[in-house]
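*Asks:* I am attaching a structure below and will ask some questions about it afterwards.
The values are calculated or read from the model by the stated rules, or taken from the named source; none is laboratory data. These numbers were taken from a predicted model, which means no experiment stands behind them. Positions of Cβ are backbone-derived with ideal geometry, glycine not excepted, and every protein chain shown enters the neighbour counts. Note: areas computed on protein heavy atoms with side chains; ligands, DNA, RNA excluded. Shrake-Rupley method; radii C 1.70, N 1.55, O 1.52, S 1.80 Å.
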Amino acid sequence: IQIKKAQFLKSDGPQPPPAAGLPWEERSLPDFWRTHRASDSGFGWYRAGFDVLHQPDTPWSVFVPFANSALAVRVNGVEIGREPAFDASHISARASPPHLVTVPATLLAPGRNTLELHLRVERDINSGVSRVEVGPQEWMQPRYLEQRLWRIDLPRALNMASLVAIRIALRVDPATA
C-alpha cells in the first residue's frame, strides 16, 4: 500500500492531536518542510489511513525510504518505532537512512487502520518525509534492503576503500618506486 497523501499538523505534543477541531492540512508525500516555510523546524505529525482486507497472519512493515531529521512511527495509536536521535538534545545534519518498522499482525484490524508519523525537524536541515509503504514484511524487506544498499552500505564501503587506497599510497616510498 503506497501512501501518497497525509494530513499534517505542526505540534510539539508527544501525542497526536485529535483530528477534529484543529487545522490539519492535506499534504502530498514526499513532503519537504522548506517548500512550505523556509527554515521551518520543530515537530510535526502526519496521519494517513490504509485499509486491510482481513486480519493478517504474519507481521507487516512500514517502509519509509526517507525521513529527516528523526522519526517515530505509530499504528492504530501504538508506537512501534522511534529513532534514538528523536529524543536527543540536538540532531546533527546526517544522511537519512531508510526505515523499516515491524507492525505486529495483532495490531492491524480488518478495514481502516491509522498510520501516524511523528517527525522532528532540526533548524537549517533540509527535512521532510518520503512516500510511505505499508504491507506484509516479506514484501517490504527487499525494498528496504535495496534502499539501504544504495544509500548506506555501498557509500560506506566506497569510503572505506578510498581510505585504504590513500593509506597504501601514503606508505609507498618514492625513493623505491
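*Asks:* For residue 36 and residue 15 in the same chain, what is the full-extension length gain: residue separation times 0.36 nm, less their Cα-Cα distance, in nm?
*Replies:* Here the segment from residue 36 to residue 15 would lengthen by 5.2 nm.
*Asks:* Which sequence of 162, 69 reflects their accessible areas, 1.4 Å probe, from the largest down? Numbers along the way, then the final one.
*Replies:* Values: 162 60, 69 0 Å².
Correct descending sequence by accessible area is 162, 69.
*Asks:* Probe 1.4 Å, all protein chains in place: accessible area of residue 106 in Å², nearest 10?
*Replies:* 130 Å²
*Asks:* Mind listing which trypsin sites (Lys or Arg not before Pro) in the range 1-91 are in a DSSP loop and have 15 or fewer other Cβ atoms within 10 Å?
*Replies:* On the way: sites: 4, 5, 10, 27, 34, 37, 47, 74, 82; in loops: 4, 37.
Taking the range 1-91 and a limit of 15 other Cβ atoms within 10 Å, the loop trypsin sites (Lys or Arg not before Pro) found are 4, 37.
*Asks:* Can I ask one more? Probe 1.4 Å, all protein chains in place: accessible area of residue 79 in Å², nearest 10?
*Replies:* Here the residue's solvent-accessible area equals roughly 80 Å².
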